[in-house]
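Below is one structure, written out as structure tokens, with a few remarks after it.
Derivation of every value follows stated rules applied to the coordinates shown; laboratory data play no part. Bear in mind the structure is a predicted one, so any value in this text is a computation, not a measurement. Glycine also receives a Cβ, built like all others from the backbone with ideal geometry; neighbour counts cover every protein chain displayed.
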């Protein structure tokens, strides 16, 4: 039976500083974070200190296969007790004909409950690349109304390199959860919105794909997909907001996003299939709570539709 209390045994200097930025409730011998004011990104040291938290659920959102070309440095292992968040099998809408699109409230709720997620679960998501698919899992819980969800900055590589233990990939037994989903539809956009935005220009569309794919100088990894980008969209390759598998500092992120934020319009993020768009979404979340959304079908949906235009080349702001 899981211990209902947990001890903060040791904290790094960085972790002690991070505690100053959010509230803590001191209960006798136990230091419990106020998760309503916690940073979205957490460190390996923080997660290790919470390992016996009664509500903690660690989710491994790694893809079994990916077309990114990014090779995970540590394969075949997971953080002890992690549950597998199967993005492709259980947390995508297979009826859409598109990869990785958001499931319905009902389907997401059922899949989360099957993972043992409760209304009061403290969720920490990671992936084996560092920062790749974990922001997508975070975003899905975020827009489905769960506030206590965080991303392990640096993912599994950061955990291993901090000296913390792993276990072989395995499944663990857990009871079904009582999670309830409530979609915030403003944070997800469809093709009709993006198409109408070509003339309305109410939002800025930011594409997270590589510069070569954006300009059509490099072919799409999905066979038969047109190259180029949504007319009027801008390019911030998702790797630009990362350094050594972790998010860059707030000051660096402000520098990257400021030309777009200065337009004083909501930002809508796109990519190949809606995954790395969430890397940019979470990056922006670190510096502003302003309006932002993800074009869920992203470039795959746009490029497959013969009735919408495509641009090639650069588009500088």
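For this structure, a couple of remarks:
- Options (i) 20.3; (ii) 23.0; (iii) 26.5 - which one matches Kirkwood radius over Cα pairs in Å as calculated here: (i)
- Each Cα pair under 8 Å and six or more residues apart adds its sequence gap; the mean of these over the residue count of segment 124-231 is a relative contact order of 19 percent.
- Fewest-first sequence of 184, 107 by Cβ atoms within 10 Å of each Cβ: 184, 107
- When you restrict to C-alpha pairs under 8 Å that are six or more residues apart and normalise by the size of segment 199-301, the relative contact order lands at 31 percent.
- If you sort the three axes of the alpha carbon gyration tensor as a ≥ b ≥ c, you get a/c of 1.5 or more for segment 88-214 and a/b no higher than b/c, which makes it oblate.
- In the chain, helices alone account for a calculated mean residue ellipticity at 222 nm of -7500 deg cm²/dmol, with every DSSP H run of four or more residues adding -39,500 (n - 2.57).
- Shape call, segment 136-286: gyration tensor on alpha carbons, a/c limit 1.5: prolate
- Considering only alpha-carbon pairs that sit under 8 angstrom and 6 or more positions apart, the relative contact order computed for the chain is 18 percent.
- Projecting label points 7 angstrom from Cα along Cα→Cβ for residue 249 and residue 183 puts them 4.0 nm apart.
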